[in-house]
Amino acid sequence: MRGAFMWLHRWIGLVAGALLVLIGLTGSFNVFYREIDAALNSALYKPLGPERNVTAAEAIEAAARADAAPITSIIVPDRTWPVWVAIHAHGQGIHAHLCTTMIDPSNGAVLGRRNYTDSFAFTIYRLHSTLLLRDWWGKELVGVLALALLGSAFSGFYLWWPRTGRIWRSMSVRKGVSPRRFIVDVHNTAGSWSFPLLAMIAATGVGIVFPDVARPVIGLFSTATPYPSPKIEAPPDKSAPRLSADQIVERARVAKPGSDIARLDLPTESRNTWRVLFRPFGADPALRSRGAIWLDPWAGDIVHDRTADIMSMGDRYVTEQLWLHNGATFGAVGRLAVFATGFAPLVLFVTGFLMWRSKRLSRRLSPPDPRRKRPKDPGSRQSLLGAESAPGEASRAG
């Protein structure tokens, strides 16, 4: 079994390591992508004053005058983006090109418009989530890489597990050791410290990309239902007026008085209801939503409720996956931890490659010993005591 895990761990690193490094680094960027985007485009996120006199309906009206394309969502001002951000869809479905219009909440002025799909911050986001291969199964490829990372993390943890009393020694870099031993120590230290977060990031990544695969697993512990997209029948009177965005906001606040509204999703052809996303009152804006309700656009009644006080634990986990993935669930400390963990695949790939290369070179340069037969079993103790050995075995070998 140990030989099988060593083979799996080695070849996941050699085959998928470079892509996992790319996904890890872009993931670290995405932890703070809204802050980075605001810093790079400060003029678009700088309101004239601190007042927020402009309502949702007024912001939508101002954005519609600036861009005639349908508005799919409008993001409520928060500490990171202190302006109304209207998202316009140019095109249909997954091929729609997104543009954004920023509205000053103090006076309703249009601060600017831009091509959001091709902006720097969102391009890095797409690189992380689809490798810029959305039309060529890029999202699914990233999901497979998340599965590979999960397999690498658990196989590495199994190979690393040391003897009793040597755990700290296997989680630290020792002084006065050879360069080869130093590389092994760095690999083991980076892997052991980052294992819990790497496993969580990989597991939530699989769930985000393959929800139909993750949901039955979650269902073993708690009910997990598909994310809804409710559509209701229109009233018989075709001229019946629809509620304004402000009226929808008012009904949402009455329904969930202890939460902040984070975003409004306008009715579409496939979903003719309003979706209102909430986050806990006063929460970090990085936690962009934790539950939602869907409202009848004519009567304002709640069509579906998927908020924390209603959902099962399984549904709460599914809803929370993205914020677990980027650390926002645990606030600033969680985001910083996930940001640092994004660099772990780089350290592990470089040190793992050096260990593999060193072992191959030593085998090539060492003269064969005619008196000694090379073991055929890849899981034998001798084959595990090279530069690629697990920390416990390597420390025992000296």
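The values are calculated or read from the model by the stated rules, or taken from the named source; none is laboratory data. Worth saying up front: this structure is predicted, and the values here are computed from it rather than measured. Positions of Cβ are generated from backbone atoms using ideal geometry, with glycine treated the same way; all protein chains shown enter the neighbour counts. Quick note on the areas: whole protein, heavy atoms, side chains included, nothing else; ligands and nucleic acids left out. Shrake-Rupley method; radii C 1.70, N 1.55, O 1.52, S 1.80 Å.
Every residue in segment 73-98 that is under 24 Å from Asp246 (Cβ atoms) and either open to solvent by 30 Å² or more (accessible area, probe 1.4 Å) or among the hydrophobic types (A, V, I, L, M, F, W, C) (or both), please. Passing the criteria: Ile74, Ile75, Val76, Arg79, Trp81, Pro82, Val83, Trp84, Val85, Ala86, Ile87, Ala89. No other residue among Ser119, Ser129 is under 18 Å from the mean Cα position of the chain (by Cα) and open to solvent by less than 60 Å² (accessible area, probe 1.4 Å) apart from Ser129. Return the total of residues in segment 279-293 being out of contact with any Phe, Trp or Tyr (no Cβ under 7 Å at 6 or more places or on another chain) and either surrounded by 21 or more Cβ atoms within 10 Å (Cβ to Cβ) or not in a strand (DSSP E or B) (or both). Matching residues across segment 279-293 total 9.
Do any strands (runs of 3 or more DSSP E) entirely within segment 37-149 hold 1 or more residues that are touching a residue at least 60 places away in the same chain (Cβ under 8 Å), and if so, which?
71-75, 110-115
When you go through Trp323, Trp274 one by one, which is the residue that is more than 30 Å from Arg10 (Cβ to Cβ), out of contact with any strand residue (DSSP E or B) (no Cβ under 8 Å at 6 or more places or on another chain) and free of Cβ contacts under 8 Å to residues at least 40 places away in the same chain? I'd like the intermediate steps shown before the answer.
Values: Trp274 fails: out of contact with any strand residue (DSSP E or B) (no Cβ under 8 Å at 6 or more places or on another chain).
Testing whether each residue is more than 30 Å from Arg10 (Cβ to Cβ), out of contact with any strand residue (DSSP E or B) (no Cβ under 8 Å at 6 or more places or on another chain) and free of Cβ contacts under 8 Å to residues at least 40 places away in the same chain leaves just Trp323.
Selection of first residues in segment 330-353 that are under 19 Å from Phe32 (Cα atoms) and of second residues that are buried (at least 17 other Cβ atoms within 10 Å of the Cβ) and polar (S, T, N, Q), restricted to Cβ pairs under 6 Å at least 6 apart or on distinct chains, gives the following pairs, ordered by first then second residue: Val338/Asn326; Phe339/Ser28; Thr341/Ser194; Gly342/Ser28; Ala344/Ser194.
Here is a yes/no grid of residues against (1) closer than 24 Å to Ala86 by Cα; (2) open to solvent by less than 40 Å² (accessible area, probe 1.4 Å); (3) basic (Lys, Arg):
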site	(1), (2), (3)
Ser259	yes, no, no
Arg271	yes, yes, yes
Leu277	yes, yes, no
Ser312	no, yes, no
Tyr317	no, no, no
Gln321	no, yes, no
Ala328	yes, yes, no
Gly331	no, yes, no
Arg335	no, yes, yes
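Contact map, segment 169-189: residues that are basic (Lys, Arg) paired with residues that are at pLDDT 85 or above and open to solvent by less than 30 Å² (accessible area, probe 1.4 Å), Cβ distance under 6 Å, separation 6+ or inter-chain. Pairs shown: Arg174/Asp185.
Just one of the listed residues (Val213, Val206, Val173) is within 18 Å of Val318 (Cα to Cα), at pLDDT below 90 and either open to solvent by 60 Å² or more (accessible area, probe 1.4 Å) or touching a Leu at 6+ places or on another chain (Cβ under 6 Å) (or both), and it is Val213. Checking the stated criteria, Ser222 turns out not to satisfy the condition of being part of a loop (DSSP other than H, G, I, E, B), polar (S, T, N, Q) and open to solvent by 40 Å² or more (accessible area, probe 1.4 Å). Can you pull out the residues in segment 20-38 that are at pLDDT 95 or above and either touching a strand residue (DSSP E or B) at 6+ places or on another chain (Cβ under 9 Å) or open to solvent by 50 Å² or more (accessible area, probe 1.4 Å) (or both)? The answer is Leu22, Leu25.
Scanning for something farther than 21 Å from Pro211 by Cα and either modelled with pLDDT of 90 or more or in contact with a Gly (Cβ under 9 Å, 6 or more places away or on another chain) (or both), does segment 312-327 turn up at least one residue? Steps first, answer last, please.
Start the filter on segment 312-327 by keeping residues that are farther than 21 Å from Pro211 by Cα, which leaves none.
For segment 312-327, residues farther than 21 Å from Pro211 by Cα and either modelled with pLDDT of 90 or more or in contact with a Gly (Cβ under 9 Å, 6 or more places away or on another chain) (or both): absent.
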